[in-house]
1. Kindly sort CYS55, CYS121 by accessible area of their heavy atoms, largest first, with the probe set to 1.4 Å.
2. Step by step: find N for the chain, compute 2.2 N^0.38 Å, then divide the Cα radius of gyration by it. What's the final number?
3. Which one of TYR319, GLN2, VAL296 has its Cα pushed farthest toward the positive end of the charge dipole of the chain, where Lys and Arg give +1 and Asp and Glu give -1 at the Cβ?
4. Please give the calculated 222 nm ellipticity per residue for the chain, where each DSSP H segment of at least 4 residues contributes -39500 (n - 2.57) and the sum is spread over every residue; nearest 500 deg cm²/dmol?
5. Need one value: the accessible area of VAL97 in square angstrom, 1.4 angstrom probe, rounded to the nearest 10.
6. Beyond 16 Å, what share of the Cα-Cα pairs of the range 16-112 is found? Please give it as a whole percent.
7. Just the number, please: carbon plus sulfur as a percent of the accessible area of the chain, 1.4 Å probe, no ligands or DNA/RNA counted.
8. Report the Cα centroid-to-centroid distance between the range 50-101 and the range 214-258 in angstrom, as an integer.
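The values are calculated or read from the model by the stated rules, or taken from the named source; none is laboratory data. Since this is a predicted model, take the numbers as computed values, not measurements. Note that each Cβ is placed from the backbone with ideal geometry, even for glycine, and that neighbours are counted across all protein chains shown. Heads up: the accessible areas ignore ligands, DNA and RNA and are worked out on the full protein's heavy atoms, side chains in. Shrake-Rupley method; radii C 1.70, N 1.55, O 1.52, S 1.80 Å.
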Amino acid sequence: MQFRDLGMQYQALKKDIDAGIQAVIDSSAYILGKPVAELEEKLADYVGRKHCVTCGNGTDALQLSLMAWGIGPGDAVFTSDFTYFASAGTISILGAVPVLVDIDLDTFNISPDALEAAIQCVLEAGKLTPRAIVPVDLFGQPADYEKILPIARKYGLKVLEDAAQGFGGNINGKRAGSFGDLSATSFFPAKPLGCYGDGGAIFTDDDEIDARLRSLRAQGKSPTDKYDNREIGINSRLDTLQAAILLPKFKAFVEYELEAVNKAANGYTERLRDRFVIPKVPDGFYSSWAQYTILVENREERDATQKYLKENGIPSMIYYPRGLHQQEAYKWMNLKDELYPNTVEAAKRVLSLPMHPYLTEEMVDIIAKKLIEK
Ligand SMILES: *Cc1c(COP(=O)(O)O)cnc(C)c1O
């Protein structure tokens, strides 16, 4: 059994993926070109935004977004403490300070109350300028934008949605990738919509920012002249081959894969709800189930459960074993565990189960039985 079975997906889509790859090779046009433009248009349309700018990976999508706003030294950017490192690392690499915020334990997403407290704290300290919030759509579920967006407006902050895991999710039909002033996603193979290597994209409704992002992803070039560089940018493009792979994958994602992961998630929930803390999906929220993550009683039980599953041929993962405030890279900020009770608790108890669109009812049943009989 695979944690995320990309082989099964390839078998289902092989004909179209192979044809797409071959067509790019035959065209001898390997950078940008028609497949990339077609993908950008389809993704923007799906998410419900004016522009989609693809790039090299999800980390670059976040960094380019922050660069487009001129975020840098002296700025404070607020993000979740319980996420993949890139949500904060991209803030640091531009010289700004990531202000790490505790989560709500039931959704694993940034706590709006803790967020507002953190903003006030930074304002009172008076050393940094609050500029932006980077809420993360963790495990496929959009963050609580109904609460976060008013806070952003109240304090005059931009919102950069980290939808690396969130693509396909929605709140009352409004899709992930449409909540931030800018929204970034990733096509890393294991994400809800993944390619066969690295890839990423940024969504925006703003024409000027769209043009700036297209320049920044190509060394800050002018729109018309590749050798006329207007500012410092990076080299971050989506390979044409990856766009050709994503086009049939996106079609399957929309047509049935998203529904299939929700069916698998419901299967887990029905079977596990009496025995474990199962992921909460608030009313009106829809997850794309990048991960299905349960909470086990405590660290000892969690580790023993993972071991038991492994002995029975069932892979599982710990997303994430520590909060960002506990990372060596952020030791200099000297952040105490007491500030992050929910992150600390989650890191001890989380266990992510196999999840992908080709997970059958029978497989869900076997996994759930093993979990319960342990
Ligand atoms: C994967 C991920 C990223 C980074 O995406 P890459 O394509 O791997 O660079 C950023 N944020 C979150 C929350 C992620 O899960």
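1. Numbers: CYS55 0, CYS121 85 Å².
The ordering from most to least exposed comes out as CYS121, CYS55.
2. Numbers: Rg = 20.6 Å, N = 374, 2.2 N^0.38 = 20.9 Å.
Dividing the Cα Rg of the chain by 2.2 N^0.38 Å gives 0.99.
3. GLN2
4. Numbers: 12 runs with 153 residues, N = 374.
Theoretical 222 nm ellipticity from helices: -13000 deg cm²/dmol.
5. 40
6. Numbers: 3201 of 4656 pairs.
So the pairs more than 16 Å apart make up 69 percent of the total in the range 16-112.
7. Values: 8480 of 16280 Å².
Carbon plus sulfur share of accessible area: 52 percent.
8. Distance between centres, Cα-based: 18 Å.
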